[in-house]
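Asker: I have a structure here, written as structure tokens, and I will follow up with some questions on it.
The values are calculated or read from the model by the stated rules, or taken from the named source; none is laboratory data. Fair warning: this is a prediction, and the values are worked out from it, not measured in the lab. Backbone-built Cβ (ideal geometry, glycine too); neighbour counts: all protein chains shown. Keep in mind that these areas ignore ligands, DNA and RNA; they rest on the heavy atoms of the full protein, side chains included. Shrake-Rupley method; radii C 1.70, N 1.55, O 1.52, S 1.80 Å.
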Amino acid sequence: MTTLRLDGGRRRRGVAGAGLGAVPLAAWLVLFFLVPSAVVLYYSFGYKPDVFSTHATDVLSLDRYAEAVTPAFLAIFQRTVRIAAVGTLTCLLVAFPIAYWMAVKLPVRWRGVVLAMVLVPYWTNFLIRTIGWQIALSPEGFLSKFLAGAGLLAGPLEILYTPTAVQIGVVYNYLPLMILPLYVTLERLDPRLLEASRDLGASAWRTFTRVTLPLSVPGVAAGSLLVFVPLMGDYVTPSVLGGASGSMVGQMVAGQFQAAQNWPLGAAMAVLLILAILGLIVLVALVARVAVGVAKNLSTISVTPREA
């Protein structure tokens, strides 16, 4: 009986310690996510009373949401979703071979060096990196001169201030956020599973599709979220590389707060953006859940054993 009481006391202390450890995280979420989101939501029900005022909340309504959903907003929102989806998929396609090579093929003693090579450019100021691409993609930049000199272009490079330039910029800026979770997931992959697959006669491609890829789904999901969510609200990249033809929703929201000084309308646009992101995440989660079920069914390797 005494042993049971001691075990119960240890369990309660462990639960209490875990609860206290979660306090900083809870405080962080409340102060820097829930409270700002609540303020933005509250402002979205207000209105702009006159030219010289930014907002008023003495009369609350949903009029700003109807005002926000204009054809221009919907067109830019559609472009934002397209750029974010293509950017996330491109980051995944580029990052997976890199992460696989780092986690499986690269010797252990070199992994820290290569991981630092991935992280160091990401630690550089976001704006400076984006301006670097502005210089590289300009018609007078070194990339344009190189392609023209190699005979690959008849004239100067004309992709700056287009959605293509924004796409290149977001892939470069957010690629490390896809590499890192994939690397962590693949690095924890038990090599004995790959050896067992090969011993059973599976080809390299079948081992990848039936073993490696299903087990890497958590890293794919985490990396996709880390890339897609901030990309949807990106303001710097389209401002520097996109111009008018490559604008995104983040610029519209910032424009209402800064240039137009219409905080309720900007807040309504921000709330619509947040709801759209949450809706897309739920949709992708449902699709991923189905994909995980399919992957589990495919993970059973049925091959003919090699003849002795």
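Asker: For F146 and Q134, compute 0.36 nm times the residue count separating them, minus their Cα-Cα distance, and round to one decimal in nm. Kindly include the intermediate steps, with their values, before the conclusion.
Answerer: Numbers: separation 12, 0.36 × 12 = 4.32 nm, distance 1.58 nm.
Taking F146 through Q134 to full extension adds about 2.7 nm, to one decimal.
Asker: For the pair R289/L106, report the inter-label distance in nm, with labels modelled 7 Å from Cα in the Cβ direction.
Answerer: So the label points at R289 and L106 sit 3.5 nm apart.
Asker: Within 12 Å, Cβ to Cβ, of A196, how many net charges do the neighbouring residues add up to if Lys/Arg are +1 and Asp/Glu are -1? Don't skip to the answer; put the middle values down first.
Answerer: On the way: positive: R192, R198, R210; negative: D190, E195, D199.
That sum, taken over residues with Cβ under 12 Å, equals 0.
Asker: While we're on this one: What is the sum of charges, Lys and Arg at +1 and Asp and Glu at -1, for the other residues whose Cβ falls under 15 Å from the Cβ of G46? Provide the component values of the computation, followed by the final result.
Answerer: Values: positive: K48, R64; negative: D50, D58, D63, E67.
Result for the local shell: -2.
Asker: Please report the net charge: other residues with Cβ closer than 13 Å to the Cβ of M248, K and R +1, D and E -1.
Answerer: +1
Asker: Still on this model: Rounded to the nearest 500, what is the chain's calculated 222 nm mean residue ellipticity when only DSSP H runs of at least 4 contribute -39500 (n - 2.57) each, over all residues?
Answerer: -22000 deg cm²/dmol
Asker: Hey, another quick one. Pull out a ≥ b ≥ c, the square roots of the eigenvalues of the alpha-carbon gyration tensor of the stretch 73-206, then state rounded if a/c is under 1.5, prolate if not and a/b is larger than b/c, and oblate in the remaining case. Show your work: numbers first, answer last.
Answerer: Numbers: a/c = 2.08, a/b = 1.90, b/c = 1.10.
Prolate, because a/c is 1.5 or more and a/b exceeds b/c.
Asker: Select from the chain the helices, each a whole stretch of DSSP H, whose alpha-carbon atoms run 20 Å or more along the helix axis and whose Kyte-Doolittle mean is at least 1.0; answer none if there are none.
Answerer: Working: long enough: 2-21 (28 Å, -0.53); 71-100 (43 Å, 1.45); 108-123 (23 Å, 1.14); 163-187 (35 Å, 1.10); 217-232 (22 Å, 1.98); 263-298 (51 Å, 2.16).
Both cut-offs are met by 71-100, 108-123, 163-187, 217-232, 263-298.
Asker: Select one label from (i) 1.07; (ii) 1.05; (iii) 0.98: the one whose number is Rg/Rh (Cα atoms, Kirkwood Rh) as derived from the coordinates shown.
Answerer: Read-out from the structure maps to (i).
Asker: Here is a further query. What figure, in Å² to the nearest 10, do you get for the accessible area of D63 with a 1.4 Å probe and non-protein molecules left out?
Answerer: The accessible area of D63 comes to roughly 90 Å².
Asker: Out of every Cα-Cα pair in the stretch 178-271, what percent are more than 23 Å apart?
Answerer: On the way: 2239 of 4371 pairs.
Tail of P(r) above 23 Å: 51 percent of Cα pairs.
Asker: Given +1 on the Cβ of Lys and Arg, -1 on the Cβ of Asp and Glu, and no further charges, what dipole in debye does the chain carry about its Cα centre, rounded to the nearest 20? Don't jump to the answer; show the numbers that get you there.
Answerer: On the way: 22 positive and 13 negative charges, 271 e Å.
That gives the chain a dipole magnitude of about 1300 debye.
Asker: If you don't mind, there's one more thing I want to ask. What accessible area per residue, rounded to a whole number of Å², is obtained for the chain using a probe radius of 1.4 Å? Let's see the in-between values first.
Answerer: Working: 18180 Å² over 308 residues.
Computed with neighbouring chains in place, this is 59 Å² per residue.
Asker: Give me the percent of accessible area attributable to carbon and sulfur for the chain, probe 1.4 angstrom.
Answerer: Details: 12920 of 18180 Å².
With neighbouring chains kept in place, the figure for the chain is 71 percent.
Asker: Please sort 256-266, 119-129 by packing, taking for each peptide the average over its residues of neighbouring beta carbons within 10 angstrom, highest first. Don't jump to the answer; show the numbers that get you there.
Answerer: Numbers: 256-266: 19.1, 119-129: 11.5.
So the order, starting with the most tightly packed, is 256-266, 119-129.
Asker: In the stretch 37-77, if every C-alpha pair distance is counted and binned at 10 Å from zero, what percent goes to each bin?
Answerer: Histogramming the stretch 37-77 at 10 Å steps yields 27, 46, 27, 0 percent.
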